[in-house]
Protein chains: 2
Amino acid sequence: MKLSKKSDYALRAMIYLAMNYQKGTLQIKEISAKERIPQKFLENILLTLRKVGILNSKMGLKGGYELARSPDLITLGEVIRALDGAIAPVNCVSKMAYKPCSEEVNCVIRSVMMDIRNAITDVLDTMTFADMCKRAKESLDKKENDVFTYAI
Amino acid sequence: MKLSKKSDYALRAMIYLAMNYQKGTLQIKEISAKERIPQKFLENILLTLRKVGILNSKMGLKGGYELARSPDLITLGEVIRALDGAIAPVNCVSKMAYKPCSEEVNCVIRSVMMDIRNAITDVLDTMTFADMCKRAKESLDKKENDVFTYAI
DNA sequence: ATAAAATCTACCATATTGGTAGACATTTAG
DNA sequence: CTAAATGTCTACCAATATGGTAGATTTTAT
């Protein structure tokens with residue numbers, strides 16, 4: 001049930017780009033430095049996001065990347081699917097990678113996995129990068145979040 | 001975000017054992033044949049479940065496995081954690097494998113991942129194998145479930 | 001023209017996944 | 001008491017996924 005490093009980096013880069021929306025393109029170098037993401041790895045990630053239409057790029061000198069749409073029109077789910085593929089815990093409850101399962105008893109597992117998939121996508125397909133920016137700005141304001149941040 | 005084959009097999013074997021609770025021990029051979037799980041692989045899985053106290057075993061001729069507790073006292077979460085480890089999508093929101101994250105912006109990702117972890121564990125730590133048996137019996141009764149089963 | 005940027009192609013080491021093989025220990029039936 | 005059936009233990013192993021890196025190529029602003 002792990003989020004891959006790739007998706008994690010992608011979310012961080014996307015938040016960075018969203019925080020700077022409408023300031024023109026930002027360069028890989030800058031994002032990788034600020035978010036401490038290996039540059040070559042980030043190149044792959046941003047390229048993938050461009051190919052699925054989440055980012056726009058400008059080549060050549062003074063080139064860079066920017067969001068292809070307003071941050072409130074891009075969800076976390078869209079980004080994670082672009083990099084990691086299907087979100088569903090098993091393929092028989094996946095929209096993206098659906099494959100039927102045959103076992104009889106498996107179907108009751110399936111119904112639980114469906115509940116879980118729905119719970120996950122409820123969060124990921126609702127939450128936009130505009131929301132993320134709002135949360136980020138809020139947590140920058142009140143600095144006393146350190147108090148409870150690690151109390152899980 | 002995938003459920004491993006190991007956990008999938010474990011859940012299926014557990015449901016099989018729960019459906020036959022209080023009928024004495026069942027043998028690996030039977031479970032592996034009925035649920036079509038590679039026998040040697042299932043051996044590892046059941047052994048793990050015994051070591052964490054979810055199953056009891058009886059060695060030797062006429063030996064086998066049975067639930068160590070009533071099915072309503074064993075949750076799916078317990079079984080999945082025994083085999084796959086932590087359920088949380090990132091370690092910084094895990095109870096089982098907690099490790100702090102340092103990035104500032106990551107904390108807003110963290111808060112979303114916390115929501116997801118909670119949504120997942122709400123399902124997995126609530127659902128017991130008694131519930132699973134009930135669901136299985138219900139879906140055996142009304143056979144028209146075929147109609148909507150694959151309509152996702 | 002040149003330098004800086006994205007893009008493309010091709011690797012690669014390591015860890016995880018999904019197993020298998022075979023010897024050993026324990027128990028029951030005969 | 002012995003044979004057969006069962007769980008237990010240790011050790012492998014192939015295939016795939018993960019998390020990268022290297023280097024050449026194309027594009028563009030100056």
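The values are calculated or read from the model by the stated rules, or taken from the named source; none is laboratory data. These numbers were taken from a predicted model, which means no experiment stands behind them. Counting neighbours? That spans all protein chains shown, and the Cβs are built from the backbone with ideal geometry, glycine included. Only protein heavy atoms, including side chains, enter the accessible area calculation; ligands, DNA and RNA are left aside. Shrake-Rupley method; radii C 1.70, N 1.55, O 1.52, S 1.80 Å.
Couple of notes before you dig in:
- Out of B:Arg50, B:Arg36, sole residue that is away from chain A (no Cβ under 14 Å), without any contact (Cβ under 8 Å) to a residue 24 or more places away in the chain and not hydroxyl-bearing (Ser, Thr, Tyr): B:Arg50
- Of all the residues in the stretch B:1-33, those that are away from DNA strand C (no atom under 16 Å from the Cβ) and within 9 Å of another protein chain (Cβ to nearest Cβ) number 3.
- Test: B:Lys40 is on the phi < 0 side of the Ramachandran plot, within 10 Å of DNA strand C (Cβ to nearest atom) and loosely packed, with under 15 Cβ neighbours inside 10 Å: yes
- Considering residues of the stretch A:12-34 that are under 18 Å from A:Ile80 (Cα atoms) and not small (Gly, Ala, Ser) only, the residue most open to solvent (accessible area, probe 1.4 Å): A:Tyr16
- Exactly one residue among B:Val108, B:Val79, B:Val90 is under 19 Å from B:Ala136 (Cα atoms) and buried (at least 21 other Cβ atoms within 10 Å of the Cβ), and that residue is B:Val79.
- Identity of the residue in the stretch B:48-60, open to solvent by 70 Å² or more (accessible area, probe 1.4 Å) and within 10 Å of DNA strand C (Cβ to nearest atom), that ends up nearest to B:Leu11 (Cα to Cα): B:Lys58
- The single residue among B:Asp84, B:Asp72 that is within 13 Å of DNA strand C (Cβ to nearest atom) and either at pLDDT 95 or above or not aliphatic (A, V, I, L, M) (or both) turns out to be B:Asp84.
- Qualifying residue in the stretch B:66-89 (condition: in a loop (DSSP other than H, G, I, E, B) and within 11 Å of DNA strand D (Cβ to nearest atom)): no
- Where a residue in the stretch B:109-132 is more than 7 Å from chain A (Cβ to nearest Cβ) and its partner, wherever it lies, is of a type in the set (D, E, K, R) and part of a helix (DSSP H, G or I), with Cβ under 8 Å and at least six apart: B:Asp125/B:Glu78; B:Thr128/B:Asp72; B:Phe129/B:Asp72; B:Ala130/B:Asp72; B:Asp131/B:Asp72
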